[in-house]
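See structure below.
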Amino acid sequence: MLLASLIVTATAAVFTLSEWLVSEHRRLEAHLAQLQVRQIQVVRVASEIARLDESEVTSAPSPITPDRLKVIADSANDAGLALEFSALDEFTVSFTGKGETHALIRWLGRVQVEHGARPATLEAITRDGADELQGLLRWTAS
């Protein structure tokens, strides 16, 4: 009788384990498919980054003019940033002021794409309300 109950218990455990293994296998197969799609996306992005890294800047940076500085300041203002700008040399501008850090990051991306300026330094001190922001922009291409 004891042997029979042990056999029944062991058989039930084996069936339960096999059902769990089949279920886990299905779950892992589905997750693997998702990861393969993500891997393809990562490979595409990495290829694009490598292509951009290999490409050379074809034009020399153009110097900062008062008009160009005004365009940059206006775009910062349009992004909700209260920044003051000062040209340090013909290719570098400092900025300081207040605004939301996430708005600054989006604005810096637009400035890089639209004007060829890249952030050289960036400091954001978060506060309740507007954050304190400062940094340097450098022009690397026109």
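Values for this structure:
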{"item": "Flag for SER47 being at pLDDT below 85, assigned to a helix (DSSP H, G or I) and surrounded by 10 or more Cβ atoms within 10 Å (Cβ to Cβ)", "result": "yes"}
{"item": "Meets criteria (outside the structural domain of ASP128 (by TED's automatic domain parsing), assigned to a helix (DSSP H, G or I) and surrounded by 10 or more Cβ atoms within 10 Å (Cβ to Cβ)) for SER23", "result": "yes"}
{"item": "Candidates PHE95, PHE91, filtered to the one that is touching a helix residue (DSSP H, G or I) at 6+ places or on another chain (Cβ under 8 Å) and either modelled with pLDDT of 90 or more or aromatic (Phe, Trp, Tyr) (or both)", "result": "PHE95"}
{"item": "Long-range neighbours under 8 Å by Cβ, at least six apart or interchain, first residue at positive phi within segment 91-119, second of a type in the set (S, T, N, Q)", "result": "GLY97/GLN134; GLY116/THR140; GLY116/SER142"}
{"item": "Criterion (buried (at least 17 other Cβ atoms within 10 Å of the Cβ) and over 19 Å from THR65 (Cβ atoms)) met by exactly one of LEU122, LEU137, LEU133", "result": "LEU133"}
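One line per residue, one yes/no per condition, for (1) under 17 Å from SER62 (Cβ atoms); (2) touching a strand residue (DSSP E or B) at 6+ places or on another chain (Cβ under 8 Å); (3) in a helix (DSSP H, G or I); (4) not acidic (Asp, Glu):
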position: LEU83; (1), (2), (3), (4): no, yes, no, yes
position: LEU88; (1), (2), (3), (4): yes, yes, no, yes
position: ALA103; (1), (2), (3), (4): no, no, yes, yes
position: TRP107; (1), (2), (3), (4): no, no, yes, yes
position: THR121; (1), (2), (3), (4): no, yes, no, yes
position: ALA124; (1), (2), (3), (4): no, yes, no, yes
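The values are calculated or read from the model by the stated rules, or taken from the named source; none is laboratory data. Here the structure is a predicted model, which means the values were calculated and not measured. Every residue, glycine as well, gets a Cβ built from its backbone with ideal geometry; the counts of neighbours run over all protein chains shown.
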